[in-house]
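Everything on this sheet refers to the single structure shown next.
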Amino acid sequence: MTDESLEAAEKSLAERVNALQKVKQRLARGRRDLAKNKRPVALLKKLVADLQTLPSVPEGPDLAQLVDRLSQRQHQLAEGFQRDFRTQLQAAAEGAKLPVRLVNDQFTIGPFVLHVNPDKETSSLEYAKIVAGKDLPLDPAKLVAQANRLAADLLTPPRDLRALATEVEEAVRVVLARQKKSGTDDEWRGELPAVYRELFYIRQGRFSVTAKKSLKEYPVARFMVEIKTLVQSDENLAAARRFRLEPAVIENTKKPNKSVFFPNDLSQGFGEGMYFQALIMFAGG
């Protein structure tokens, strides 16, 4: 057993340390006496006799063997934890009607990719390549409950698409104004990261965004869901001012300050998708 191995190694090391400490003390005393340069022959004879009478120093535990046994035990426990955690997670998710899958060697729960950090005993949930929940406990029931809450917060469709379109249009116009750019009568273009920032400000109700305690949460993932829902809606297709997304050029992909990743299916944030770099607002024809 691991506990017995550690206890035996600790006891063996204590005996070795104790024996070495006695040798160290006798050598130090002998060195001090010899430094005085008085009766060196007699002092050396006495030192040799004292060292010969000291108990032999135990070799101590075989550290390589101990490390190997501990490593084996660690792997056994890790495998057991992963097996038990997966079983409990699937049971909890099934009760909450939240699917758990294995996609590309990674577990997903609902619309999220699940990342587990056994060393820190925490987990995180990722949606559309963005961390949606971090430092979550490795408690299957709590993790499933958190995934359900996040899914509801992020994926619930916008209730008023007309109001959303008004906010997005304002955000695009502010982006252009801040950048001292102007659009044509037919087309206005705002980079998505900048549109997100302005829409975030709009959601704060116009008060100072430096008042962090009063800031309303507006995750990038929620912004992505709202924009994609708006762009694909029948209301947008029939509107006088319509929106469309501009695909990102290769050099702008995977850069949060240049583009945003949109999954093809909003219900699967871990699925295939595309990077887009701008939102185009143009007059319908």
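The values are calculated or read from the model by the stated rules, or taken from the named source; none is laboratory data. Values in this document were obtained by computation on a predicted structure and should not be read as measured data. Cβ coordinates were reconstructed from backbone atoms using ideal geometry, including for glycine residues, and neighbour counts include every protein chain displayed.
Results for (1) more than 26 Å from Ile227 (Cα to Cα); (2) of a type outside the set (S, T, N, Q), shown as yes or no for each residue.
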{"site": "Val67", "(1), (2)": "yes, yes"}
{"site": "His75", "(1), (2)": "yes, yes"}
{"site": "Ala78", "(1), (2)": "yes, yes"}
{"site": "Ala93", "(1), (2)": "yes, yes"}
{"site": "Thr108", "(1), (2)": "no, no"}
{"site": "Asp153", "(1), (2)": "no, yes"}
{"site": "Pro157", "(1), (2)": "no, yes"}
Only one of Ala240, Ala221 that is of a type in the set (A, V, I, L, M, F, W, C), in contact (Cβ under 8 Å) with a residue 24 or more places away in the chain and under 21 Å from Arg173 (Cβ atoms): Ala240
Considering residues of region 165-182 that are under 23 Å from Tyr275 (Cβ atoms) and assigned to a loop (DSSP other than H, G, I, E, B) only, the residue modelled with the highest pLDDT: Gln179
Every pair of residues 6+ apart whose Cβ atoms lie under 6 Å, when the first sits in region 188-207 and is in contact (Cβ under 8 Å) with a residue 60 or more places away in the chain while the second is part of a loop (DSSP other than H, G, I, E, B) and surrounded by fewer than 20 Cβ atoms within 10 Å (Cβ to Cβ): Pro193/Asn257
Pair list, Cβ under 6 Å, 6 or more apart: region 130-145 residue within 15 Å of Phe112 (Cβ to Cβ) and assigned to a helix (DSSP H, G or I), other residue among the small types (Gly, Ala, Ser) and modelled with pLDDT under 90: Pro140/Ala92; Val144/Ala92; Val144/Ala93; Val144/Ala96
Where Val48 falls short, out of the listed (1) surrounded by 13 or more Cβ atoms within 10 Å (Cβ to Cβ); (2) not assigned by TED's automatic domain parsing to the domain that holds Pro137: (1)
Residue satisfying condition, being out of contact with any Phe, Trp or Tyr (no Cβ under 7 Å at 6 or more places or on another chain) and outside the structural domain of Pro140 (by TED's automatic domain parsing), within set Arg16, Arg83: Arg16
Single residue of region 98-120 satisfying the filter (assigned to a loop (DSSP other than H, G, I, E, B) and modelled with pLDDT under 85) that is nearest to Asp139 (Cα to Cα): Pro118
Lone qualifier among Leu150, Leu138 - being modelled with pLDDT under 90 and outside the structural domain of Gln268 (by TED's automatic domain parsing): Leu138
Test result for Gln82, part of a helix (DSSP H, G or I) and either touching a Cys at 6+ places or on another chain (Cβ under 9 Å) or more than 22 Å from Leu114 (Cα to Cα) (or both): no
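Yes or no, residue by residue, for (1) surrounded by 11 or more Cβ atoms within 10 Å (Cβ to Cβ); (2) of a type in the set (Ser, Thr, Tyr); (3) in contact with a Lys or Arg (Cβ under 8 Å, 6 or more places away or on another chain):
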{"residue": "Leu20", "(1), (2), (3)": "yes, no, no"}
{"residue": "Asp33", "(1), (2), (3)": "yes, no, no"}
{"residue": "Val57", "(1), (2), (3)": "yes, no, yes"}
{"residue": "Arg73", "(1), (2), (3)": "yes, no, no"}
{"residue": "Gln76", "(1), (2), (3)": "yes, no, no"}
{"residue": "Gly80", "(1), (2), (3)": "no, no, no"}
{"residue": "Asp84", "(1), (2), (3)": "yes, no, no"}
{"residue": "Ala92", "(1), (2), (3)": "yes, no, no"}
Any pair with Cβ under 8 angstrom, 6 or more apart, that starts in region 89-118 at a residue that is in the same structural domain as Glu272 (by TED's automatic domain parsing) and more than 14 Å from Gln146 (Cβ to Cβ) and ends at one that is among the β-branched types (Val, Ile, Thr) and surrounded by 14 or more Cβ atoms within 10 Å (Cβ to Cβ): none
Subset tally (residues that are over 24 Å from the mean Cα position of the chain (by Cα) and buried (at least 18 other Cβ atoms within 10 Å of the Cβ)) for region 243-267: 3
